[in-house]
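Novice: There's a structure below that I have some questions on.
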Amino acid sequence: MNNFTKVNILILMLLIPVLIMYAYSYRTSIRVLQQNIQDSQMSRLSFLFKQLNDNVNQLSMMANVLLKDPNVKEFRDLDLYGDEINFFKTVQIISQKLNLQSVANTFSNSIVIYAPRIQKAIGQYSLVSYDAQDLYGHADPNWRYDRETGQFILYAFDPIYENNVAANARLIAKVSFKSDNIVKMLDNYHSEGTGETFLFRPGARTIVKSSDYPALIDQIADQIGQWKLGEQGNATVDIEGSSYMINYLKSNELGWYLVDYVPLQNILSPITANRKFFYLFLGVMLLVSLMISYILYQNIRIPIKDLIRSVQQLKKGNYSTRIRVKSDNEFTFLILKFNEMAGEIENLIGKVYAEEIRSREATLKQLQSQINPHFLYNCLAFMKSMAVLEEKESIVAMAVNLSKYYRYTTRNERQLVTVREEMELVRHYLAIQNLQMKRLSIHIDIPPTMLDLPIPRLLIQPVVENAIIHGIESDPDAGRIVIRGEQVEGENWITVEDDGPGMSDEERLALSKKINLPLTDEIGCGLWNVHQRLKYQFDPESGLVFEASQPSGLKVILHWK
């Protein structure tokens with residue numbers, strides 16, 4: 001990792017903790033603020049909830065108290081007295097009491113007393129019509145909401161054990177109030193606040209004050225209707241990209257939920273604005289950091305890269321490389337001295353280059369001369385064996401192929417030949433060997449793109465000879481020779497493979513080490529010469545590689561670039 005990268009990482013290490021700390025602080029502030037908002041809204045909602053329940057409870061108690069009133073009890077038995085004056089007097093007294101009880105409650109309400117036995121009903125002002133069918137069909141001791149009239153209605157019975165059996169009750173009190181009372185309370189509750197409050201019951205129409213956002217309330221009600229609601233609770237929901245905090249309480253008297261929602265964006269907008277300013281400040285810091293990084297890159301990183309690149313060029317042998325002076329800074333002196341050093345090295349290399357070339361050519365000719373006697377010795381030994389056996393045709397074939405071989409090897413005007421020419425020599429050699437070993441099976445597959453590649457003389461034949469002598473001759477069941485050529489990722493491969501006994505992993509490793517050591521009497525000169533000539537002619541990475549052949553045998557790979 002270079003210093004320029006380290007500086008950039010250091011800058012990021014300074015900015016990232018700031019961003020992390022701000023993000024943590026922002027999330028903490030939002031969480032605390034939301035909790036405070038929730039507590040505040042729940043407190044206000046509880047107060048409103050208490051007001052609503054108090055009014056409803058007062059109306060419920062009023063209905064039961066009226067049924068205990070002596071005048072009301074007298075009303076149920078008026079037919080027994082048969083006194084019409086007393087009847088109207090009692091009706092007037094009861095109406096006045098009903099009216100007084102009605103105006104005593106905050107909610108505008110209506111009270112009716114029913115006497116089922118005498119089929120009479122008294123309202124707040126006078127007698128009202130007695131509808132037995134309506135009374136018996138709807139009388140319920142629990143608060144019920146009538147959607148047609150928009151009223152909450154409660155019935156009280158005397159005696160109490162006659163609940164839900166209106167026909168057997170002696171007295172029934174009906175108390176009702178319009179939902180407009182609740183709407184008025186909600187208007188007062190949110191006169192200066194944000195958000196809205198409404199009454200909600202799953203499957204029923206919501207009761208809400210005149211709202212500017214009826215569609216939003218319907219969407220919130222739809223979401224709440226899908227929840228599993230308890231006695232109270234809260235949640236945050238997202239509707240059309242906006243977040244809303246919702247609190248609810250259940251009125252056990254009415255059986256409805258008092259729901260309050262607050263748009264969080266309106267409350268959190270100051271914090272969100274501060275966040276934008278922080279991001280702007282962080283962006284300015286990042287821009288300044290990039291400018292600093294750019295200055296460092298131009299004045300430090302680029303000169304260092306130029307120096308490294310030029311040193312690499314010197315290492316590869318390009319001694320004419322120079323660094324162009326782009327600006328006057330601390331690196332100018334270093335660059336000038338490097339250019340002077342490169343010039344001196346180039347002069348020195350020019351003086352010794354010719355001598356090195358002459359030395360390499362001498363080495364190549366010496367190595368090649370070591371191969372020729374070795375091959376000639378093997379051929380003469382073969383001809384001697386054939387003469388003893390009186391194999392004239394084999395001797396003639398050997399002589400013909402040997403003459404072509406030496407015609408090829410004695411042309412010293414060219415040290416490099418093509419793969420095509422070298423393979424012709426290999427075919428002559430294999431023809432000679434096939435005269436002696438009838439079991440030879442030869443397969444040659446060299447792609448046309450490799451046939452015209454230049455290689456040193458006598459490079460492939462020694463490897464083929466080694467495969468026959470050490471691989472096939474020692475195994476009477478062996479006899480397959482495969483020569484293949486490949487070009488893989490810019491590298492040239494020629495593989496010579498036999499099906500002889502092969503070598504173990506340890507033997508192949510030892511042979512690979514020996515061909516890289518100086519030549520001794522213990523090392524055969526054939527493979528060693530081929531390996532060394534590949535390294536001299538091409539690059540140090542070229543040479544021979546030994547691998548196991550399947551199912552048996554040895555695979556020798558010549559590779560060069």
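The values are calculated or read from the model by the stated rules, or taken from the named source; none is laboratory data. Everything numeric in this text was worked out from a predicted model, so none of it was measured. Cβ atoms come from the backbone with ideal geometry, glycine included; neighbour counts cover every protein chain shown. Heads up: the accessible areas ignore ligands, DNA and RNA and are worked out on the full protein's heavy atoms, side chains in. Shrake-Rupley method; radii C 1.70, N 1.55, O 1.52, S 1.80 Å.
Novice: Identify, by number, the condition in (1) over 20 Å from ARG44 (Cβ atoms); (2) open to solvent by less than 30 Å² (accessible area, probe 1.4 Å); (3) acidic (Asp, Glu) that ASP238 doesn't meet.
Specialist: Evaluating ASP238 over (1) over 20 Å from ARG44 (Cβ atoms); (2) open to solvent by less than 30 Å² (accessible area, probe 1.4 Å); (3) acidic (Asp, Glu) leaves (2) as the failure.
Novice: While we're looking at this one, here's another question. Report yes if some residue within the stretch 503-510 is under 27 Å from TYR405 (Cβ atoms) and open to solvent by less than 50 Å² (accessible area, probe 1.4 Å); otherwise report no. Step through it out loud before you land on a result.
Specialist: Start the filter on the stretch 503-510 by keeping residues that are under 27 Å from TYR405 (Cβ atoms), which leaves none.
No, because not a single residue in the stretch 503-510 is under 27 Å from TYR405 (Cβ atoms) and open to solvent by less than 50 Å² (accessible area, probe 1.4 Å).
Novice: List every residue pair whose Cβ atoms sit under 9 Å apart, with the two residues 6 or more apart in sequence or on different chains, where the first one lies in the stretch 437-454 and is among the hydroxyl-bearing types (Ser, Thr, Tyr) and the second, anywhere, is not in a strand (DSSP E or B).
Specialist: SER441/GLY479; SER441/ASP499
Novice: Note down all Cβ pairs under 6 Å where the first residue falls in the stretch 383-409 and is of a type in the set (Val, Ile, Thr), the second is surrounded by 11 or more Cβ atoms within 10 Å (Cβ to Cβ), and they're at least six residues apart or on different chains.
Specialist: ILE395/MET383; ILE395/MET386; THR409/ASN372
Novice: Additional query: GLN265 is checked against (1) exposed (fewer than 14 other Cβ atoms within 10 Å of the Cβ); (2) out of contact with any helix residue (DSSP H, G or I) (no Cβ under 8 Å at 6 or more places or on another chain) and fails just one. What number does that condition carry?
Specialist: Only one criterion in (1) exposed (fewer than 14 other Cβ atoms within 10 Å of the Cβ); (2) out of contact with any helix residue (DSSP H, G or I) (no Cβ under 8 Å at 6 or more places or on another chain) is unmet by GLN265, namely (2).
Novice: Go through (1) open to solvent by 40 Å² or more (accessible area, probe 1.4 Å); (2) out of contact with any Ser or Thr (no Cβ under 7 Å at 6 or more places or on another chain); (3) within 30 Å of PRO448 (Cα to Cα); (4) not aromatic (Phe, Trp, Tyr) one by one and return the number of the condition LEU517 breaks.
Specialist: (3)
Novice: Ok, one more. Can you work out which of the residues in the stretch 97-112 that are closer than 25 Å to ASP131 by Cα and out of contact with any Phe, Trp or Tyr (no Cβ under 9 Å at 6 or more places or on another chain) is surrounded by the fewest Cβ atoms within 10 Å (Cβ to Cβ)?
Specialist: The qualifying residue surrounded by the fewest Cβ atoms within 10 Å (Cβ to Cβ) is LEU100.
Novice: Same structure again: If you scan the stretch 290-323, which residues turn out to be open to solvent by 60 Å² or more (accessible area, probe 1.4 Å) and among the aliphatic types (A, V, I, L, M)?
Specialist: LEU290, MET291, ILE292, ILE295, ILE300, ILE308, VAL311
Novice: Here's something else I'd like to know. Just one of the numbered conditions (1) at pLDDT 90 or above; (2) of a type outside the set (D, E, K, R); (3) out of contact with any strand residue (DSSP E or B) (no Cβ under 6 Å at 6 or more places or on another chain); (4) open to solvent by 50 Å² or more (accessible area, probe 1.4 Å) is not true of GLY543; which one?
Specialist: Going through (1) at pLDDT 90 or above; (2) of a type outside the set (D, E, K, R); (3) out of contact with any strand residue (DSSP E or B) (no Cβ under 6 Å at 6 or more places or on another chain); (4) open to solvent by 50 Å² or more (accessible area, probe 1.4 Å) one by one, GLY543 breaks only (4).
Novice: Can you tell me how many residues in the stretch 445-489 are open to solvent by less than 80 Å² (accessible area, probe 1.4 Å), assigned to a loop (DSSP other than H, G, I, E, B) and not hydroxyl-bearing (Ser, Thr, Tyr)?
Specialist: Total meeting the criteria: 11.
Novice: Continuing with this model, one more query. Do we find that GLU356 is assigned to a helix (DSSP H, G or I), at pLDDT 70 or above, farther than 18 Å from ASN299 by Cα and open to solvent by 90 Å² or more (accessible area, probe 1.4 Å) in this structure?
Specialist: no
Novice: Among the residues of the stretch 52-66, what is the count of those that are more than 16 Å from TYR114 (Cα to Cα), among the aliphatic types (A, V, I, L, M) and open to solvent by less than 20 Å² (accessible area, probe 1.4 Å)?
Specialist: Matching residues across the stretch 52-66 total 3.
Let's see how each residue does on (1) within 44 Å of the chain's Cα centre (by Cα); (2) at pLDDT 85 or above; (3) closer than 19 Å to MET185 by Cα; (4) surrounded by fewer than 18 Cβ atoms within 10 Å (Cβ to Cβ):
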{"site": "THR197", "(1), (2), (3), (4)": "yes, no, yes, no"}
{"site": "GLY203", "(1), (2), (3), (4)": "yes, no, no, yes"}
{"site": "SER210", "(1), (2), (3), (4)": "no, no, yes, yes"}
{"site": "TRP256", "(1), (2), (3), (4)": "no, yes, yes, no"}
